[in-house]
Amino acid sequence: MRTGFQMHLLGLAALIACPLMGDEGVRWYKGNTHTHTLWSDGNDFPETAADWYKKNGYHFLVLSDHNVLQRGERWKDVTKHERENQVVSKHLKRWGEGKLALRKEGSKTLAKLMTLEEIRRDFEEEGKFIMIEGFELTTAAGRIEKKREFPVHSNAVNVDKLFKPQA
């Protein structure tokens, strides 16, 4: 009786495992759908993030900065980031002088951030690594009686336009 039960259990396990054993058409992809950069509240350049994920065996990356797509010209004050994490110094050491546009405004150092299209051009490799457009839709929900807001975050992945939170 016990042997019969064990055989049934073994047969069930084999049936469950069958789809996993012979399907060469199935492929797993390693990726990250939630990464912040200097386009919002992250602490490094978007190209630095793309470089790290590609070098560490990831197949895709979504830069999911808060309520923004990496499009158009964007200059970011990197004074604090340089002081705390040496992001500009590390960037210049990694890629040299020609890749990063910098300008001074008084005591501030501003850096021009790369767009998603520029990052794609430099890092995407067919069949190996892609950048997927996305963002983190960020808003707040509140409880009127206590006058307290709670952050609400949702990731939008593989989008072609930015949309704003609905009130």
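The values are calculated or read from the model by the stated rules, or taken from the named source; none is laboratory data. A quick note: this is a predicted structure, and the numbers were derived from the prediction, not measured. Virtual Cβ from ideal backbone geometry, glycine too; neighbours counted across all protein chains shown.
Just a few scattered comments:
- Just one of the listed residues (Leu137, Leu116) is within 27 Å of Gly31 (Cα to Cα), in contact (Cβ under 8 Å) with a residue 40 or more places away in the chain and in contact with a Ser or Thr (Cβ under 6 Å, 6 or more places away or on another chain), and it is Leu137.
- Positions within segment 21-53 being outside any loop (DSSP other than H, G, I, E, B) and in contact (Cβ under 8 Å) with a residue 12 or more places away in the chain, in sequence order: Gly31, Asn32, Thr33, His34, Thr35, Pro46, Glu47, Thr48, Ala49, Ala50, Asp51, Tyr53
- Single unsatisfied condition, Gly98 versus (1) over 21 Å from Thr35 (Cβ atoms); (2) of a type outside the set (A, V, I, L, M, F, W, C); (3) modelled with pLDDT of 95 or more: (3)
- Summed over segment 80-132, the residues that are in a helix (DSSP H, G or I), surrounded by 12 or more Cβ atoms within 10 Å (Cβ to Cβ) and of a type in the set (Ser, Thr, Tyr) give a count of 0.
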